[in-house]
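Undergrad: This is the structure I want to talk about, given as structure tokens.
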Amino acid sequence: MLNKRIIAIGGGEIKNRCTLEIDRYIAEEAKRAADGRRATGLFIPTASHDCMPYYNTFHKVYTGIFDIKTDVALTVRGAFDAEKMRTKFHNADFIYVGGGNTVFMIEHWKQTGLLDYIREAYERGVLLAGLSAGAICWFEDMYSDSVVEGEYSMYRGLGWIKGKISPHYDERMLDFDEIVRYNKYRAWGVENNAALELVNGEPVKTISGGGKVWLLDGTDGFSVKKGEFVSI
């Protein structure tokens with residue numbers, strides 16, 4: 001059985017190289033998957049409404065620093081070419097989902113059919129990585145201000161990964177902790193410049209560029225602990 005892998009990055013500015021250690025790990029994994037070919041990364045900027053400067057930043061880091069070829073899946077503006085999109089996903093050694101409006105992104109994926117391409121890639125073992133919106137969308141429930149900026153609530157995610165999650169946990173800690181405590185949740189808090197790697201839905205590794213990953217438990221009182229698995 002092929003391993004289904006997700007690297008969920010809590011946040012951080014890729015253009016300022018804040019997530020560089022995490023990006024380096026993703027690039028190394030992509031090159032290993034390419035097995036001698038030049039690796040290709042497919043960037044999905046749906047959450048930012050196909051912001052091309054965001055893709056250009058991704059390209060500068062992954063091509064300029066790590067010598068990985070990049071491509072972009074644009075679906076918010078213009079016609080959707082199913083055959084070209086299928087080729088992009090077929091060529092990808094990893095997929096990177098950018099940040100932005102998570103609720104819009106998930107709904108748009110469903111409406112356009114892009115979600116089917118992403119799911120198929122995931123099922124055949126292509127590494128999925130993502131930052132902020134691209135980190136939390138895979139979970140059952142996600143803490144986001146996607147509907148009204150600055151007003152944070154829990155929203156339903158895709159449900160591929162069990163549990164609840166907040167990105168930017170270092171910025172939202174007090175509010176998210178209170179929600180976890182009040183509702184007796186178990187949840188993940190992933191700080192900026194930190195990432196949680198999951199294989200077949202289970203946490204296996206934390207990756208840090210300075211941030212941390214926390215497991216929050218509100219089922220019996222309230223406890224917070226650093227992710228207790230292999231870190232790099």
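The values are calculated or read from the model by the stated rules, or taken from the named source; none is laboratory data. The model shown is predicted, which means the values in this text are computed figures rather than measured ones. Reconstructed Cβ throughout: ideal geometry from the backbone, glycine too, with neighbour counts over all protein chains shown. All accessible areas refer to the heavy atoms of the entire protein, side chains included, with ligands and DNA or RNA removed. Shrake-Rupley method; radii C 1.70, N 1.55, O 1.52, S 1.80 Å.
Undergrad: Restricted to the range 46-92, and to residues that are in contact with an Asp or Glu (Cβ under 7 Å, 6 or more places away or on another chain) and among the charged types (D, E, K, R), which residue is least open to solvent (accessible area, probe 1.4 Å)?
TA: Ranking the candidates gives LYS88 first.
Undergrad: Could you tell me how many of the residues in the range 176-191 are within 22 Å of the chain's Cα centre (by Cα), open to solvent by 50 Å² or more (accessible area, probe 1.4 Å) and not basic (Lys, Arg)?
TA: 1
Undergrad: I need every pair where a residue in the range 180-191 that is closer than 9 Å to PHE222 by Cα has its Cβ under 7 Å from the Cβ of a residue that is of a type outside the set (Phe, Trp, Tyr), sequence separation at least 6 or different chains.
TA: Between residues of the range 180-191 that are closer than 9 Å to PHE222 by Cα and residues that are of a type outside the set (Phe, Trp, Tyr), the close pairs are VAL180/ALA187; VAL180/LEU216; VAL180/GLY218; ARG181/GLY218; LYS184/GLY218; LYS184/THR219.
Undergrad: Within the range 19-30, identify whether any single residue is under 30 Å from PHE176 (Cα atoms), of a type in the set (Asp, Glu) and at pLDDT 95 or above, and answer yes or no.
TA: yes
Undergrad: Only residues in the range 130-151 that are exposed (fewer than 15 other Cβ atoms within 10 Å of the Cβ) count as the first member; pair them with residues that are assigned to a strand (DSSP E or B) and not aromatic (Phe, Trp, Tyr), Cβ under 6 angstrom, at least 6 apart or cross-chain, and list the lot.
TA: Cβ pairs passing all conditions: GLU151/ASP145.
Undergrad: Right, here's the next one. Limited to the range 191-232, what total is found for residues that are closer than 17 Å to ARG172 by Cα, of a type outside the set (Asp, Glu), assigned to a strand (DSSP E or B) and modelled with pLDDT of 85 or more?
TA: Result for the range 191-232: 6.
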